[in-house]
Amino acid sequence: MCGIVGYIGKAQAPKVLINGLRRLEYRGYDSAGLAVMDGNQLAVAKAPGKVAALKDRAHAEWPEERFSRASTGIAHTRWATHGPPTEVNAHPHLDQSGDIALVHNGIIENYRALRARLESKGHQFLSETDTEVLAHLIGECNKGDLFQAVCDALHQVEGTFGIAVLSAREPGRIITARRGSPIVIGVGDGETIIASDASAIVAHTQRVIYLDDNDIAIVTAESVDIRDLNNVPVTREIAELGMDASAAEKGGYDHFMLKEIHEQPDSLGNAIRGRLDLNLGTSVLAGMGTSARELADLNRVVIVGCGTSLHAGLVGEYAFEDLADVNAEVQQAAEFRYRNPIVGSRDLVVAISQSGETADTLAAVREAKQKGAFVMSLCNVVGSTIARETGRGVYLHAGPEISVASTKAFTCQVAVLLMMALKIGRGRRFSRDEGLKLARDIEAIPTLVAKVLEQDERIATIAATYVNNEHAFFIGRGPMYPVALEGALKLKEISYIHAEGYHAAELKHGPIALLVEGTPVVALACDIPGKDKVLGNIEECRARGARILGIITEGDHEAAECMDDFIEVPACHPLVATVPAVVALQLFSYHVARLRGCEIDQPRNLAKSVTVE
Ligand code: M6R
């Protein structure tokens with residue numbers, strides 16, 4: 001949720017930290033703060049609101065020399081959990097002595113008990129946060145060795161943490177540790193950067209170390225010494241990021257969301273390239289690590305995820321049943337571990353997560369492993385916790401997704417799920433020719449998406465008609481039902497229009513009562529099985545005065561006549577059609593939100609990576 005940056009090296013730490021926070025701002029953006037070593041003293045600046053406000057605050061309050069001489073510091077951008085997004089609740093938090101500063105991602109679950117204990121010893125707290133309690137606990141444990149104090153404190157906490165700690169008494173080092181909340185360490189030339197995700201590091205170095213849970217590192221400008229919480233040294237490999245710094249820039253677009261929507265022909269190309277075998281009519285997904293026999297013997301596929309990833313999973317459910325001839329079901333990751341799921345060794349549990357850090361999805365992975373299921377993941381972020389804990393799966397290769405509203409990750413998730421279904425289906429039911437045909441349909445996805453993107457301006461014009469509505473419905477059938485859910489999620493999260501996705505047949509079982517003259521109904525009416533029934537459902541809505549925006553197949557005049565407005569997508573395989581259809585809805589939502597003047601990349605109350613339950 002929140003973002004952490006730490007820096008120790010030769011450069012001006014405040015500048016590096018603020019630039020790093022900017023790159024992490026998509027993770028949380030309701031307040032921010034930084035602490036730097038200025039000589040032997042800690043200097044702290046905090047501000048509610050965005051990183052720009054923090055920068056202004058630091059420049060207003062700090063002497064100019066501090067910016068040039070401070071070369072060590074830690075910083076944080078927050079998504080509030082404990083206490084509102086005020087200056088006092090912003091990180092870093094200090095211990096009782098004021099000598100130790102801490103930034104923290106995650107949640108200290110036993111903070112109330114720890115706070116009461118510390119208060120009984122005379123500690124006074126300024127904020128409502130769990131993080132300040134940890135800062136005081138570290139101070140309480142500190143007998144002159146910060147590393148040992150952090151170990152001792154972390155032994156006492158329950159919950160999750162990714163932390164960076166700085167002490168005025170030990171200015172040449174930063175201590176960082178993780179449990180359940182990611183920490184990446186960038187190993188530069190005479191400088192070391194700590195961050196909660198690699199986008200804050202990529203401008204400095206490609207060489208990174210991912211901490212594992214319960215790792216704690218002593219970081220200096222020249223070294224990274226990693227141990228466990230019992231002070232036993234551990235070895236972690238240095239990995240190459242393989243990320244281009246420009247991937248985290250807007251590249252001339254007004255918003256990351258628009259850039260990422262337009263990147264989709266490329267991101268889909270990267271997700272698909274080299275993974276289709278046009279000789280054997282199958283897909284090559286080595287990361288699945290499954291034998292043909294295991295796939296042929298599969299009893300069931302259970303897909304878990306949250307939000308947009310859950311919607312991709314719902315498309316996957318249709319794909320596995322239809323193409324791979326295997327029972328499939330989707331479960332909300334947040335429910336999975338609490339409902340005592342029935343999964344075993346012949347069940348494949350597929351965890352879908354762009355970030356690879358979503359707490360509920362991670363918990364579902366752990367539960368599925370406990371039950372002995374065959375677990376794999378579809379993640380975008382390489383080296384993320386879910387990717388590492390599942391140990392097998394398929395990376396999306398969508399490139400960094402910065403916009404809080406997920407777009408290119410969704411389409412790559414669907415493309416990868418189709419390839420998985422093809423692979424499993426080829427072993428269970430498809431002939432070579434059938435497999436080949438589907439492989440070609442999947443291969444065409446980037447071109448299909450490019451054709452939708454060509455209509456950007458037209459979609460913007462259509463969007464203008466829907467800007468002043470406060471409610472909207474999205475309907476679809478079959479694999480277009482999850483597309484309706486995703487379309488509604490996209491519109492509501494960035495435009496704040498109340499939007500609901502329904503199965504087209506469900507509308508008349510209740511929600512139709514809400515339709516009045518002019519209520520927008522966005523209908524997924526592509527020419528796939530079930531289209532005629534969707535057209536019937538559209539007539540039911542029109543009869544009640546709804547304004548219909550249809551997503552239809554190019555050249556389908558019959559469908560076009562039922563609509564007030566329509567966006568055409570190219571004719572293709574019914575499951576493949578979910579991808580261009582959703583891209584049309586992404587653009588529609590984007591333009592509605594833009595015309596309403598919304599903060600598209602950082603919508604109200606949201607954060608990119610949801611690492612709390
Ligand atoms: O990183 P994940 O895919 O696990 O994230 C899941 C959801 O939090 C995410 O898709 C969320 O719903 C987005 N805001 C949707 O645009």
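Sort through Val315, Val330 and tell me the only one that's in a strand (DSSP E or B) and away from the ligand (no atom under 13 Å from the Cβ). Quick ask: steps written out before the conclusion?
On the way: Val315 fails: in a strand (DSSP E or B).
None of the other options fit; the residue is Val330.
Identify all residues within the stretch 15-28 that are touching a strand residue (DSSP E or B) at 6+ places or on another chain (Cβ under 6 Å) and assigned to a helix (DSSP H, G or I); write none if there are none. Listed by number, the residues that qualify are Val16, Leu17, Gly20, Leu21, Leu24, Glu25, Arg27.
Only one entry of Gln602, Gln586 meets the criterion of being at pLDDT below 95 and within 16 Å of the ligand (Cβ to nearest atom), and that entry is Gln602.
Counting just the residues of the stretch 446-464 that are assigned to a helix (DSSP H, G or I) and among the acidic types (Asp, Glu), which one comes out farthest from Ile552 (Cα to Cα)? Per the criteria, the residue is Glu457. Take the conditions modelled with pLDDT of 95 or more, part of a loop (DSSP other than H, G, I, E, B) and not aromatic (Phe, Trp, Tyr) and apply them to Gly190. Does it pass? Here the answer is yes, as Gly190 does meet what is asked. Output the residues belonging to the stretch 577-601 that are surrounded by fewer than 24 Cβ atoms within 10 Å (Cβ to Cβ) and either touching a residue at least 60 places away in the same chain (Cβ under 8 Å) or of a type in the set (S, T, N, Q) (or both). Hits for the stretch 577-601 are His591, Arg594, Leu595, Arg596, Cys598, Ile600, Asp601. Scanning the stretch 362-383 for residues that are under 28 Å from Lys250 (Cβ atoms) and either within 11 Å of the ligand (Cβ to nearest atom) or free of Cβ contacts under 8 Å to residues at least 60 places away in the same chain (or both) gives Leu378, Cys379, Asn380, Val381. Taking each residue of the stretch 462-480 that is within 28 Å of Leu314 (Cα to Cα) and looking for partners that are modelled with pLDDT under 95 and in a loop (DSSP other than H, G, I, E, B) with beta-carbon atoms closer than 6 Å, six or more apart or interchain, yields Arg477/Gly530; Gly478/Gly530. Taking the stretch 338-361 as the range and being within 16 Å of the ligand (Cβ to nearest atom) and either in contact (Cβ under 8 Å) with a residue 40 or more places away in the chain or of a type in the set (Lys, Arg) (or both) as the test, the residues that pass are Val349, Val350, Ala351, Ile352, Ser353, Gln354, Ser355, Glu357, Thr358, Ala359, Asp360, Thr361. When the criteria are applied in full, Leu524 fails the requirement of being within 15 Å of the ligand (Cβ to nearest atom), assigned by TED's automatic domain parsing to the domain that holds Ala560 and buried (at least 17 other Cβ atoms within 10 Å of the Cβ). Scanning the stretch 150-174 for residues that are in a helix (DSSP H, G or I) and in contact with a strand residue (DSSP E or B) (Cβ under 8 Å, 6 or more places away or on another chain) gives Val150, Cys151, Leu154. Looking across Gly530, Gly510, Gly545, Gly518, one residue alone is free of Cβ contacts under 8 Å to residues at least 24 places away in the same chain, on the phi > 0 side of the Ramachandran plot and over 29 Å from the mean Cα position of the chain (by Cα). It is Gly510. The condition (being assigned by TED's automatic domain parsing to the domain that holds Ile600, within 16 Å of the ligand (Cβ to nearest atom), surrounded by fewer than 24 Cβ atoms within 10 Å (Cβ to Cβ) and at pLDDT 95 or above) is satisfied by just one residue among Glu493, Glu454: Glu493.
Restricting attention to the stretch 23-71, which residues are of a type in the set (Lys, Arg), under 19 Å from Gly6 (Cβ atoms) and modelled with pLDDT of 90 or more?
First pass over the stretch 23-71, keeping only residues of a type in the set (Lys, Arg): 23, 27, 46, 50, 55, 57, 66, 69.
In the following step, the residues that additionally are under 19 Å from Gly6 (Cβ atoms) were identified as 23, 27, 46, 55, 66, 69.
Passing the criteria: Lys46, Lys55, Arg66, Arg69.
Considering the conditions (1) farther than 20 Å from Gly269 by Cβ; (2) over 22 Å from the mean Cα position of the chain (by Cα), Ala421 is excluded by exactly one of them, (1). Looking at Asp254, Asp266 in this structure, which one is away from the ligand (no atom under 16 Å from the Cβ), assigned to a helix (DSSP H, G or I), charged (D, E, K, R) and under 25 Å from Arg23 (Cα atoms)? One residue alone meets the criteria, Asp266. Among Ile386, Ile445, Ile424, which is the only one that is among the β-branched types (Val, Ile, Thr), in contact (Cβ under 8 Å) with a residue 12 or more places away in the chain and over 20 Å from Val301 (Cβ atoms)? Answer to the selection: Ile445. Applying the criterion of being charged (D, E, K, R) and within 14 Å of His397 (Cβ to Cβ) to the residues of the stretch 269-284, the residue that is surrounded by the fewest Cβ atoms within 10 Å (Cβ to Cβ) is Arg273.
Residues that are in contact with a helix residue (DSSP H, G or I) (Cβ under 7 Å, 6 or more places away or on another chain) and either surrounded by fewer than 20 Cβ atoms within 10 Å (Cβ to Cβ) or not aromatic (Phe, Trp, Tyr) (or both) number at least 3 in the following strands (runs of 3 or more DSSP E) confined to the stretch 335-437: 347-353, 374-379.
The values are calculated or read from the model by the stated rules, or taken from the named source; none is laboratory data. Just so it is clear, the model here is predicted, and its values are computed rather than measured. Every residue, glycine among them, receives a Cβ derived from its backbone with ideal geometry; neighbour counts consider all protein chains shown.
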